Amino acid sequence: MFDKIQLPYAFDALEPYIDAETVETHYSKHLQKYVDNLNSLIKGYEQYTEGKSLDQLLANVNELPEEIRQGVIDQGGGVSNHNLYFALLSPTPKKAPEGKLLDEIHNTFGDLDTLKTEVSNAAIGQFGSGYGFLVKDKDGKLSVRNTLNQNSPAMNGVVPILTIDVWEHAYYLKYKNLRADYVKNIWNLIDWEKVEGLYLNYTI
Ligand code: MN3
């Protein structure tokens with residue numbers, strides 16, 4: 001059984017950048033649906049899933065029986081991607097990274113603004129539904145990705161440490177078709193302390 005994270009803030013805490021109705025619907029309806037679909041899909045396949053994290057399943061998705069593989073990619077990715085997305089947002093975020101992550105950002109992108117621009121462009125440029133990501137590889141090197149639908153970068157052997165959901169349900173109530181405005185504003189909510197924690201401590 002997999003579950004959604006406990007939301008560490010109230011539904012209206014991310015205003016004015018993300019409105020309360022969007023957060024509530026996104027978390028309580030959309031994410032819950034992925035959780036329910038995933039758990040019903042993997043019922044009877046416990047020998048493949050028990051003791052594994054969702055990201056471990058996604059990173060080794062070819063080891064799953066074919067009849068549940070695409071379902072785990074879609075529903076499992078939906079849970080993993082959303083849990084990361086909601087965990088990174090905060091009404092009182094740490095505004096910038098420091099330490100080892102900041103050093104690596106300097107190595108890879110030159111500066112933080114360039115990183116933000118590249119992740120934003122990846123998210124905005126994702127045709128249709130998907131995500132923009134900052135990921136790290138096994139050596140701690142950073143790169144920017146986007147993925148379609150609920151595909152997780154974990155399937156490609158890298159660790160997602162920052163994500164922006166650009167499915168229309170993430171922004172349409174407030175921003176309508178203006179995805180770029182939503183992406184620009186979400187940087188006001190991304191908590192770099194969480195990103196640092198993932199960069200330093202999270203492995204799949
Ligand atoms: Mn979503």
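The values are calculated or read from the model by the stated rules, or taken from the named source; none is laboratory data. Quantities reported herein were computed from a predicted structural model and do not represent experimental measurements. Don't worry about glycine lacking a Cβ; one is built from the backbone with ideal geometry, like all the others, and counts go over all protein chains shown.
Some observations on this one:
- Output for region 32-70, where each listed residue is among the aliphatic types (A, V, I, L, M) and within 16 Å of the ligand (Cβ to nearest atom): Val35, Leu38, Leu54
- Within the set Lys29, Lys4, the sole residue that is surrounded by fewer than 13 Cβ atoms within 10 Å (Cβ to Cβ), within 30 Å of Thr92 (Cβ to Cβ) and either within 16 Å of the ligand (Cβ to nearest atom) or in contact (Cβ under 8 Å) with a residue 24 or more places away in the chain (or both) turns out to be Lys29.
- Among the residues examined, Ile73 does not qualify as crowded, with 19+ Cβ neighbours inside 10 Å and away from the ligand (no atom under 16 Å from the Cβ).
- Some residue of region 25-42 being of a type outside the set (A, V, I, L, M) and in a loop (DSSP other than H, G, I, E, B): no
- Some residue of region 138-156 being more than 16 Å from the ligand (Cβ to nearest atom), small (Gly, Ala, Ser), in contact with a Phe, Trp or Tyr (Cβ under 9 Å, 6 or more places away or on another chain) and within 25 Å of Glu15 (Cβ to Cβ): no
- Residue in region 96-112 that is within 16 Å of the ligand (Cβ to nearest atom), at pLDDT 95 or above and either of a type in the set (Phe, Trp, Tyr) or crowded, with 20+ Cβ neighbours inside 10 Å (or both) present: no
- Filtering region 161-177 to residues that are away from the ligand (no atom under 14 Å from the Cβ) and either of a type in the set (Gly, Ala, Ser) or under 27 Å from Gly71 (Cβ atoms) (or both) leaves Ile161, Leu162.
- Long-range neighbours under 7 Å by Cβ, at least six apart or interchain, first residue polar (S, T, N, Q) within region 76-103, second part of a loop (DSSP other than H, G, I, E, B) and within 16 Å of the ligand (Cβ to nearest atom): Ser80/Ser152; Asn81/Gln150; Asn81/Ser152; Asn83/Lys4; Asn83/Ile5; Ser90/Leu189
- The residues of region 171-203 that are surrounded by fewer than 18 Cβ atoms within 10 Å (Cβ to Cβ) and farther than 11 Å from Tyr17 by Cβ, listed by number, are Tyr172, Leu173, Lys176, Asn177, Leu178, Ala180, Glu193, Gly197, Leu200, Asn201, Tyr202, Thr203.
- When the test is whether a residue is within 15 Å of the ligand (Cβ to nearest atom), within 18 Å of the chain's Cα centre (by Cα) and closer than 15 Å to Leu162 by Cβ, Ser80 passes it.
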